[in-house]
1. State whether the residues of the range 22-31 include one that is of a type in the set (Ser, Thr, Tyr), at pLDDT below 95 and over 21 Å from Thr174 (Cβ atoms).
2. What's the number of the condition Thr174 fails, among (1) away from the ligand (no atom under 13 Å from the Cβ); (2) touching a residue at least 40 places away in the same chain (Cβ under 8 Å)?
3. Restricting to the range 156-171, name every residue that is away from the ligand (no atom under 13 Å from the Cβ), of a type in the set (A, V, I, L, M, F, W, C) and within 30 Å of Ala230 (Cβ to Cβ).
4. For the range 127-155, what are the residues that are away from the ligand (no atom under 16 Å from the Cβ) and under 15 Å from Arg189 (Cα atoms)?
5. If I filter the range 181-227 down to residues being in a helix (DSSP H, G or I) and of a type outside the set (A, V, I, L, M, F, W, C), which single residue comes out as farthest from Ala51 (Cα to Cα)?
6. Does the range 25-33 contain at least one residue that is in a loop (DSSP other than H, G, I, E, B), within 25 Å of Leu202 (Cα to Cα) and basic (Lys, Arg)?
7. Here is a check on your reading of the model: is Gly253 modelled with pLDDT under 90, of a type outside the set (Val, Ile, Thr), within 16 Å of the ligand (Cβ to nearest atom) and surrounded by fewer than 17 Cβ atoms within 10 Å (Cβ to Cβ)?
8. Out of Gln207, Gln229, I need the residue that is closer than 24 Å to Asp154 by Cβ and modelled with pLDDT of 85 or more. Which one?
Amino acid sequence: MSYLKLPILNDTGFVIVDSYDQSADPREWDELIYVDWKSSGDTRFAPLASAYGDLECDGFWNHTPPKTDKDGVWVKENVAIAPILTERALEFNANIGRCRVIELQPNTYADAIYNLHRDDNNRLNPEGTGWIVRAFFNLTDDADSVMLLREDKDDPATETRVPLPAGAQVVIDTQRLYHAVWHPGDKPRYCLITSLESGPELDQWMQDRHPHTDANAPALEASFIAGAQAEAEAKRAARAAAIAAQGKDPRFGDGTMALAENDEYGQEVMSEA
Ligand SMILES: [Fe+2]
């Protein structure tokens with residue numbers, strides 16, 4: 001038995017679809033209620049759907065009773081503030097798990113490489129059902145920012161960079177691909193992230209929107225990439241050494257989660273380890 005996965009995501013693990021006309025909408029995300037769900041000072045989250053409808057962002061498996069990242073319950077306080085964002089999540093007609101807006105403060109390319117991680121989307125997900133992936137709707141116009149995607153965290157040659165202008169829509173198997181956002185702007189980036197069950201409904205949503213994988217981001221100088229990679233690896237090594245010095249094993253899980261404390265998911269990732 002295995003999971004139902006969508007062939008459209010087989011080759012690359014992600015797909016970009018037509019952009020949404022974000023300019024026509026009010027900035028609902030400015031009014032949402034955010035919670036401090038982070039381990040560094042760089043992110044906040046505003047949940048639209050949580051495990052049981054509370055204004056919190058914990059993994060669904062950390063609740064009583066625990067559940068997989070499906071059947072999210074709408075958080076009425078934030079749904080009332082953001083009806084358009086809620087409608088956009090409902091547009092998939094798929095089973096939705098976690099659904100929230102992330103606020104990410106500016107960072108560097110080296111920060112983003114350091115933050116690369118995979119999500120734990122399918123914990124407790126019964127085999128034979130749909131594999132859980134995530135949709136990213138960029139809300140702010142961050143045309144110079146990119147979502148880094150790598151098959152191999154340590155190999156820049158496997159990297160794809162997806163530009164994030166307002167309205168960008170990307171579906172990513174974030175349990176397969178290492179990912180993090182490089183956001184060099186001077187204001188926070190906001191993005192709606194929704195956990196979705198793979199199935200005919202999600203497939204149809206993508207097929208209706210000219211799916212492709214041509215990210216078309218500007219090339220980076222090889223020396224710039226190498227420098228940032230080295231900086232990120234040095235930071236990982238320093239953190240591993242610091243944890244080891246405290247007598248803790250830095251390699252719980254696959255090691256990646258434990259070291260990704262500053263990533264776009266903050267503490268969520270720590271709790272995934
Ligand atoms: Fe993630």
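1. yes
2. Unmet condition: (1).
3. The answer is Ala157, Val162, Leu164, Ala168.
4. Leu139, Thr140, Asp141, Asp142, Ala143, Asp144
5. Ser223
6. No, the range 25-33 has no match at all.
7. Yes; evaluated as a whole, the condition is true for this residue.
8. Being closer than 24 Å to Asp154 by Cβ and modelled with pLDDT of 85 or more holds for just one of Gln207, Gln229, which is Gln229.
The values are calculated or read from the model by the stated rules, or taken from the named source; none is laboratory data. Just so it is clear, the structure is predicted and the values come from calculations on it, not from any experiment. Counting neighbours? That spans all protein chains shown, and the Cβs are built from the backbone with ideal geometry, glycine included.
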